[in-house]
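**Student:** Got a structure for you, questions after.
The values are calculated or read from the model by the stated rules, or taken from the named source; none is laboratory data. If you're wondering where the values come from, they're calculated on a predicted model, not measured in any experiment. Counting neighbours? That spans all protein chains shown, and the Cβs are built from the backbone with ideal geometry, glycine included.
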Amino acid sequence: MLKKIGLLVLLCVGASCSTDAVNDSDFVAGDSFTDSNLRVMVLDTSTVLTSTMKFDSIVTSQSSRMLVGKYNDPVFGTVKASSYVEILPESYSIDSEAVYDSIVLILKYDGYYYNDTLRTNSIYLRQLSEKLEPEEDDFYNTSSVEMYDTDLGHLSYIPRPLGTDSLEVRMSDSLGLEIFDKLQQQEITNSDEFRDFFKGLNISYGTEDDGSVIGFALDESVVRLYFSESEENEWEQGDIDLYINTTSTPTPFFNSITAENPIDYLSSFEDQEDNLYSTESGNQSFIQSGIGIVTKIEFPHLETIHDIPGEGTLLGAALKLKPAVGSYNDHLILRDTLSVFLVDQNNDITEQLGVQAILNRTNQEFNDIYYEIPLSSYIESLLTAERETEEALILLPDNYNATVDRFVLNDSNNPDYNTTLEISYAIYDEDE
């Protein structure tokens with residue numbers, strides 16, 4: 001049975017989360033400490049073992065965003081995203097004198113985009129031939145549902161994801177008239193009857209597209225059926241919205257997210273438990289949300305810090321990870337934060353830490369930018385054997401199940417801008 005990463009697993013609940021405050025390196029010194037000869041050491045040579053792993057699949061039916069688009073990535077391959085939705089009428093009654101006009105899909109931007117929005121994108125609409133009913137409790141990025149070949153509508157557009165306007169895709173009048181007639185003639189009077197008639201809609205990209213992946217708001221996008229009604233010898237326009245159903249359980253919606261033909265390193269995953277160590281992938285590790293590719297971090301020889309003569313106390317610890325120069329640009333952007341989780345020996349998520357990787361851009365003009373993670377509490381727990389030694393950290397983008405953000409990180413052996421764990425450690429010897 002495939003192992004899957006789900007949204008609920010990643011929720012940081014109450015006291016189960018570890019925290020690392022900015023001043024977490026502060027400590028209370030006892031009498032023996034204050035009466036001792038103190039030396040403070042900054043260590044940056046601890047072994048940091050990084051690798052790349054890939055989750056078998058990701059739950060995408062719990063998102064509030066539709067993802068639609070396609071682009072070619074030099075590292076991660078051809079990235080594709082399309083949405084599968086169930087639509088239901090807000091009303092099952094149309095006046096007997098009304099006359100059909102048109103039907104459109106209105107897509108509301110939600111502000112998310114990835115890659116080049118100056119290139120033309122396409123949207124294609126198709127009718128599903130089977131209902132949106134998952135085999136288990138959720139749909140995943142790898143799920144698929146059968147659909148008819150005939151296009152119900154098509155639009156080419158230049159994305160304006162930060163604008164206030166919506167996209168409007170004109171849909172097939174044959175479909176619109178059929179829906180109109182069935183509602184007007186009371187052949188369909190409830191949601192079950194409508195589902196039997198129209199099982200769902202696929203919102204997809206054009207096969208020749210190479211532009212961007214765009215986010216649309218699930219709760220603000222609708223199919224709108226227009227008609228005309230006679231009012232006192234004048235015709236006035238009326239409409240009925242067919243809303244996207246997100247209230248049924250299980251949710252009849254998901255985003256299909258795939259990446260085809262990535263570089264050879266990323267084509268080797270066969271199982272979630274596979275670890276591609278950065279020493280075998282050009283001294284780099286990788287992250288791609290939506291697909292389930294994550295960077296894994298281990299500290300295998302941390303206990304050697306106890307070999308330092310004298311009594312010691314951890315003052316602070318921070319991990320600095322540097323994105324590979326040339327792996328990002330104005331289109332393939334770096335996000336300001338990454339979330340930090342723990343996985344067990346099977347690469348199953350067990351916990352979310354209460355810290356984030358924060359992007360430091362202070363010296364960006366010199367290509368010296370890096371993510372920094374405060375890890376004092378976590379490192380302390382490893383040194384005091386409060387945690388399982390087979391645990392490891394992984395990094396995931398925020399909202400990982402509804403984005404296609406990607407990252408390439410240098411490891412500790414990379415000659416250019418490598419990854420380091422910086423530890424501040426106090427050594428003291430009691431006076432006799």
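**Student:** Could you grab me the full set of residues in the stretch 385-410 that are buried (at least 18 other Cβ atoms within 10 Å of the Cβ) and either more than 22 Å from Ala259 (Cβ to Cβ) or without any contact (Cβ under 8 Å) to a residue 60 or more places away in the chain (or both)?
**Tutor:** Ala392, Leu393
**Student:** From (1) closer than 28 Å to Gly77 by Cα; (2) surrounded by 14 or more Cβ atoms within 10 Å (Cβ to Cβ), pick out the condition that doesn't hold for Pro415.
**Tutor:** (2)
**Student:** With in contact with a Leu (Cβ under 8 Å, 6 or more places away or on another chain) and modelled with pLDDT of 95 or more as the only criterion, which of Ile379, Ile373, Ile333 stands out?
**Tutor:** The unique qualifying residue is Ile373.
**Student:** What residue, of Ser281, Ser327, is closer than 18 Å to Asn414 by Cβ, of a type in the set (S, T, N, Q) and either assigned by TED's automatic domain parsing to the domain that holds Leu88 or touching a helix residue (DSSP H, G or I) at 6+ places or on another chain (Cβ under 9 Å) (or both)?
**Tutor:** Only one candidate qualifies: Ser281.
**Student:** Okay, moving on. Here is a list: Ser268, Ser285, Ser281. Which entry is of a type in the set (S, T, N, Q), more than 25 Å from Gly354 (Cα to Cα) and crowded, with 18+ Cβ neighbours inside 10 Å?
**Tutor:** That would be Ser281, the only listed residue that is of a type in the set (S, T, N, Q), more than 25 Å from Gly354 (Cα to Cα) and crowded, with 18+ Cβ neighbours inside 10 Å.
**Student:** Going through Asp239, Asp209, Asp173 one at a time, which residue ends up being closer than 18 Å to Tyr109 by Cβ and of a type in the set (D, E, K, R)?
**Tutor:** Asp209
**Student:** A follow-up question, please. Tell me the residue from Ile58, Ile94, Ile87 that is surrounded by 13 or more Cβ atoms within 10 Å (Cβ to Cβ), more than 30 Å from Ser204 (Cα to Cα) and at pLDDT 95 or above, please.
**Tutor:** Ile94
**Student:** So for the stretch 379-389 (the condition being under 20 Å from the mean Cα position of the chain (by Cα) and either small (Gly, Ala, Ser) or part of a strand (DSSP E or B) (or both)), does at least one residue qualify?
**Tutor:** no
**Student:** So which pairs qualify, if the first residue must be in the stretch 186-213 and under 20 Å from Gly176 (Cβ atoms) and modelled with pLDDT of 95 or more, the second must be in a loop (DSSP other than H, G, I, E, B) and of a type in the set (Lys, Arg), the Cβ gap must be under 6 Å, and the two must be at least 6 apart or on different chains?
**Tutor:** Lys199/Lys131
**Student:** So Gly238 ticks every box in (1) in the same structural domain as Tyr71 (by TED's automatic domain parsing); (2) crowded, with 19+ Cβ neighbours inside 10 Å; (3) among the small types (Gly, Ala, Ser) but one. Which box is left unticked?
**Tutor:** It fails just one condition, (2).
**Student:** For the stretch 305-356, what are the residues that are without any contact (Cβ under 8 Å) to a residue 24 or more places away in the chain, exposed (fewer than 15 other Cβ atoms within 10 Å of the Cβ) and not in a loop (DSSP other than H, G, I, E, B)?
**Tutor:** Asp307
**Student:** Residues that are touching an Asp or Glu at 6+ places or on another chain (Cβ under 9 Å): list the strands (runs of 3 or more DSSP E) wholly contained in the stretch 191-302 that include at least 2 such residues.
**Tutor:** 212-217, 222-231, 234-244, 253-260, 284-288
**Student:** Please find, among Val59, Val75, the residue that is more than 28 Å from Gly176 (Cα to Cα), touching a Gly at 6+ places or on another chain (Cβ under 6 Å) and touching a residue at least 40 places away in the same chain (Cβ under 8 Å).
**Tutor:** Checking each option against the conditions leaves just Val59.
**Student:** With respect to the numbered conditions (1) surrounded by fewer than 18 Cβ atoms within 10 Å (Cβ to Cβ); (2) under 20 Å from Thr389 (Cα atoms); (3) modelled with pLDDT of 95 or more; (4) not aromatic (Phe, Trp, Tyr), which one is the sole condition not fulfilled by Ile297?
**Tutor:** Among (1) surrounded by fewer than 18 Cβ atoms within 10 Å (Cβ to Cβ); (2) under 20 Å from Thr389 (Cα atoms); (3) modelled with pLDDT of 95 or more; (4) not aromatic (Phe, Trp, Tyr), the lone unmet condition for Ile297 is (1).
**Student:** So in the stretch 128-185, with the set limited to residues that are in contact (Cβ under 8 Å) with a residue 60 or more places away in the chain and in a strand (DSSP E or B), which one is surrounded by the most Cβ atoms within 10 Å (Cβ to Cβ)?
**Tutor:** Within the stretch 128-185, the match that is surrounded by the most Cβ atoms within 10 Å (Cβ to Cβ) is Tyr140.
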